[in-house]
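Chemist: Below is a structure I'd like to ask you about.
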Amino acid sequence: MFVITREGISVIIQDLHLRNMAAVSGMAASIRSATENDVFDLAGHDAVNIIQTIKDAFSTPFALPNMIRITFIVGAGKLSRQKYDDKAMLTLTQTLKMLDYVEDRGASCVNECGGCYKTQHDTGKNLFTVVVFPRLAGQQNDDDDDGCGGVTAAASSSEYSIPIPLVEGTAVHTILLATEDYFQRMSPSICPSWSEKKMCSDVLNLAVETVQAMDAKLISGLPLTDHENSFYDAVGGVESIRIKIEFLKKLIIEQVESGALTQSELNRLLQQVDEKISSLNVDIDTAMQNSQEKKASKLTIQKENAESRKRMLKSHKGKVPHALKHEAQIMKLRKQLHPLLKLEKETKGKLLSIKETKELAMKDELLEEISKLEESSRGWFEEDDTFEVRLGACRKKQLMPATSSKATPTGSGGKGRTSGTGSQTMIKTTAWLTPGNALEKKAAVAGKSKSKTNGSVFAAMMIDSDSDSD
């Protein structure tokens, strides 16, 4: 049953949020995936990179059962001082303050003081560090209770389906803050398939519900948190979001009517319409039993419309899923990888030459690059199963052998099936032009055809073999 619940959409949105956030900053993704105390070295990171990394990593609470300590190395002694930005520590701490983190010299994992940080100087290793104790989902920080002064977004985030706060560069941030005109221009490229348009529409609908929930909170006299205010101010009212929803709805209808759907999307829509028809049949029977003829008449019209929609869907044929964004590059790398895999197989268990060792060293690099290109080809609002279908189609193309022109020999050198036929035709023509020599030519043709019997059988076998391989 192809039904996505509101809770299911919320989980998908969180996944999209973290997936796109990881794309914004590689270090931020590593920080977010930490489950125990970890250390990150900021050597070589400039101020812009540090700001983006800290925002991406600590804007939302960590989904962890226990407090952890994230340590950043921001400076070192004379020998390694040049590796670090002069203002790395100041940049990091100021960014944390922007996210409502506060400095607490007594913070530790023991007192679970989330939303805090402290600076340290490791005299033994001569390193300068900033230790961060992240907010945890569901954790309540209160100024009067623990003295940290941090205001957590966990409580507010759990009340809504859209991640709070919005992180710049993520899918949700982009569609919510885009102008109406820009959204309309980019929609066909970020949501090429019906299922992606549908998911994007669901996200926008949840954004409307989120803003409405905040409006209700304000009407009831309750103040919004800093993160909620930030979200509310960035997104604005619901009118702009509703215009985007209506635009997507129009695109979805056009795509369904034109039949630009994959087979899985067609199956999904057909199942939905079947379920609707079954539900309407039950409602019509109930209305008739209760002598509600007017209601039964309206339901009958709805049923006829649903049946008409079903006929339209059945008239369509499933389309091939659209190609991966980086398919051309992937195919090129696969072509380079093929001889390396062959070489690895042939030299397995043997002592490799220096040349072979260097060639095989490229294999892992190619595989890693292909993996990155595949993942970056995934759509912003694409579900796992849909992406796997497209990924499988791309990999299948890579495994298919290229069609060879040798399957049907051409007669340039007087050899093969085609040239043989051409020779016979030429002989027949000559016989017609010179009737006096007809008997001699006929005998010559008979002799040649006898000698070609084995060659014709071989050519026929080759044709059958080529057909089987297709």
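The values are calculated or read from the model by the stated rules, or taken from the named source; none is laboratory data. These numbers come from a predicted model, not from an experiment. With ideal geometry, Cβ positions are generated from the backbone for all residues, glycine too; neighbour counts draw on all protein chains shown.
Chemist: Considering only the stretch 278-304, state which residues are of a type outside the set (S, T, N, Q) and exposed (fewer than 15 other Cβ atoms within 10 Å of the Cβ).
Modeler: Val282, Asp285, Met288, Glu293, Lys294, Lys298, Ile301, Glu304
Chemist: Is it fair to say Ala107 is touching a Lys or Arg at 6+ places or on another chain (Cβ under 8 Å), surrounded by 14 or more Cβ atoms within 10 Å (Cβ to Cβ) and in a helix (DSSP H, G or I)? It would help to see each step written out before you state the result.
Modeler: Numbers: touching a Lys or Arg at 6+ places or on another chain (Cβ under 8 Å): yes; surrounded by 14 or more Cβ atoms within 10 Å (Cβ to Cβ): yes; in a helix (DSSP H, G or I): no.
Taking the combined requirement at face value, the residue does not satisfy it.
Chemist: Moving on to the next point. Specify which of the listed residues (Ser59, Ser10) is modelled with pLDDT of 85 or more, surrounded by 14 or more Cβ atoms within 10 Å (Cβ to Cβ) and touching a Leu at 6+ places or on another chain (Cβ under 8 Å).
Modeler: Only one candidate qualifies: Ser59.
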